[in-house]
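Here the structure is laid out as C-alpha cells; the discussion comes afterwards.
The values are calculated or read from the model by the stated rules, or taken from the named source; none is laboratory data. Please read these numbers as outputs of a predicted model, since none were measured by experiment. Note: ideal-geometry Cβ built from the backbone for every residue, glycine included; neighbour counts use all protein chains shown.
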Amino acid sequence: MPQLYTSLLRKLLFAQEAEKMHEYALITLRLLGYFKPVCRVMEKFNQVHGANPIKLFGINFPNMVGLAAGFDKNGESMRSLGALGFGHLEIGTVTRHKQPGNVRPRLFRYPEHEAIVNRMGFNNEGAEALVEKLTKYTPPGKRRIPVGINIGKTKKVPIEEAVDDYTESFNLLADYADYFAINVSSPNTPDLRKLQTGSYLPQLLGALTKINTEHAQKMGTAPIPILLKIAPDLTFREIDNIVQTLIENRLDGIIATNTTIQREGALANITETGGLSGTPLHARSVEIIKYIYRSTEGKLPIIGVGGISDEVTAGRTIDAGASLIQFYTGMVYKGPFLARNIARSQVWRHSDWV
C-alpha cells in the first residue's frame, strides 16, 4: 500500500489543489467514522501496542506515534483517525471564537522537498463548536486513544487580552481533554509568537495553571496535563528562558517544534509566506529536542515534531530525547498508514521514555 500510494495515488491526489484535497480527506474520514464496526476492525488491525505500556503525564498511550495539530482542527474525524494506528491525536488549533483564517490559497506543497508551507491562520469553528463534537465522543479516561486539544489565540483579540482568550477556551474544553497543548508559536497569527517571550509567557502560563488547579479541585481529579508548543526559530537563550518559565509554572512538558519561517539553502526559492513543515524542518527540530533534553537532564518530557516521515526520522527524534512523536506532513507524502508502520518498527531505544 505505501508503494502504491507513493507511485500512483499521490500523483493523482497532488494534481488537485492542496487545501481542497485536505478537505476531501476530512470528509472521507468523517464518513468512515459513521461505520463504527469498520473503524473497530481497522483499529484492531492497525493499532500497535508497545511491549511496555507508555505512561506519560499520567496518561496511557498505546504507542509513541501521534497526529500533530493542524490536520483535524475541528475534531471531525477522531474515530476514523484512531483506526489508522495513531497512539494519540492532537486536534486543533482551536480558538475561543470562530474564525475563517487567512485568504486562500494558503496551503502549498513542495514535493521535491517533501515539504508544505501553510498560512492557514487558525481557521476553525471555535471552542464552543468543538465542545458539541466532543460531547458525542468517548470521554477522557475511557478512550483507547488519548486526545489532546491544541488551543491558540483568536486573531481579532489583541495580545494584551490573550490571557483571557486562552483561559476561556481552556474552561470550555477542560472536561474533554486528555491534555492541552498551548500554541504560542504559529507564524500565521499576527503577534502570536510574542507570547513566547518577555512577560507574556509567565502571565499566560500562570493563569492557565491557576484555573487548571481550580478545575481539578472542583472535579476532585488531578490537574489536566498542559504542554507548550514552541517555534523552531528561537535562539537557545530564548529556549532556556521558556524552559525556566515552564518549570516555574509546573507545566507538564513541551512540544518541539512548530513550523519554521526560515528558507535556507535549496529552500531559498520558496517565496510563499507561512510556516514550513516536512523534511527540511527535521534537522532543526532534532537539534532543539536534543538541547532541551540535555539542558533539563531529561526531566522535562518532550513531544517531538518536525520532519518525521519514516522509521529513521522517528528514531532520530526519539534518540534526541523525545518521549512521544507526532507528524502531519509526513502522512501527506507517505500515506495514511504511516503511523502504523512507524509504530511497528524497532528503530528506537527503550531506556529513557518508558
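Structure above, values below:
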{"item": "Hits in segment 56-71 - residues which are of a type outside the set (A, V, I, L, M, F, W, C) and under 10 Å from the mean Cα position of the chain (by Cα)", "result": "GLY66, GLY70"}
{"item": "Every pair of residues 6+ apart whose Cβ atoms lie under 7 Å, when the first sits in segment 4-17 and is at pLDDT 70 or above while the second is surrounded by 14 or more Cβ atoms within 10 Å (Cβ to Cβ) and not aromatic (Phe, Trp, Tyr)", "result": "LEU13/MET21; PHE14/ARG109"}
{"item": "Residue within segment 101-109 that is in contact with a strand residue (DSSP E or B) (Cβ under 7 Å, 6 or more places away or on another chain), closer than 26 Å to ALA162 by Cβ, modelled with pLDDT of 95 or more and surrounded by fewer than 24 Cβ atoms within 10 Å (Cβ to Cβ) present", "result": "yes"}
{"item": "Filter result for ASN241 (over 25 Å from PHE327 (Cβ atoms) and touching a Pro at 6+ places or on another chain (Cβ under 9 Å))", "result": "no"}
{"item": "Which numbered condition GLY198 misses (of (1) in contact (Cβ under 8 Å) with a residue 12 or more places away in the chain; (2) more than 20 Å from the chain's Cα centre (by Cα))", "result": "(1)"}
{"item": "Residue that is farthest from LEU195 (Cα to Cα) [pool: residues in segment 142-170 that are of a type outside the set (Asp, Glu) and over 20 Å from the mean Cα position of the chain (by Cα)]", "result": "LYS142"}
{"item": "Pairs with Cβ under 7 Å, 6+ apart, first in segment 32-43 and under 11 Å from LEU84 (Cα atoms), second outside any loop (DSSP other than H, G, I, E, B) and among the small types (Gly, Ala, Ser)", "result": "CYS39/GLY33; CYS39/SER80; GLU43/GLY82"}
{"item": "Residue in segment 111-122 that is hydrophobic (A, V, I, L, M, F, W, C), closer than 27 Å to GLY275 by Cα and without any contact (Cβ under 8 Å) to a residue 24 or more places away in the chain present", "result": "no"}
{"item": "When residues of segment 174-224 are limited to those that are acidic (Asp, Glu) and closer than 24 Å to GLU132 by Cα, the one surrounded by the most Cβ atoms within 10 Å (Cβ to Cβ)", "result": "ASP178"}
{"item": "Residue list for segment 225-249, filter: in contact (Cβ under 8 Å) with a residue 24 or more places away in the chain and surrounded by fewer than 13 Cβ atoms within 10 Å (Cβ to Cβ)", "result": "PHE236, ILE247, GLU248"}
{"item": "Subset of segment 118-151 [closer than 15 Å to PHE71 by Cβ and surrounded by 20 or more Cβ atoms within 10 Å (Cβ to Cβ)]", "result": "ASN118, MET120, PHE122, ASN124, LEU130, ILE145, VAL147, GLY148, ILE149, ASN150"}
{"item": "Strands (runs of 3 or more DSSP E) contained entirely in segment 262-354, each with at least 2 residues that are within 25 Å of LEU12 (Cβ to Cβ), in contact (Cβ under 8 Å) with a residue 40 or more places away in the chain and in contact with a strand residue (DSSP E or B) (Cβ under 6 Å, 6 or more places away or on another chain)", "result": "275-278"}
{"item": "Within segment 114-219, helices (runs of 4 or more DSSP H) holding 2 or more residues that are closer than 30 Å to ARG40 by Cα", "result": "127-134, 162-173"}
{"item": "Residue under evaluation ILE91, criteria (1) assigned to a loop (DSSP other than H, G, I, E, B); (2) surrounded by 20 or more Cβ atoms within 10 Å (Cβ to Cβ), criterion not met", "result": "(1)"}
{"item": "Scan of segment 20-78 for residues that are crowded, with 16+ Cβ neighbours inside 10 Å, in a loop (DSSP other than H, G, I, E, B) and aromatic (Phe, Trp, Tyr), ordered by number", "result": "PHE57, PHE71"}
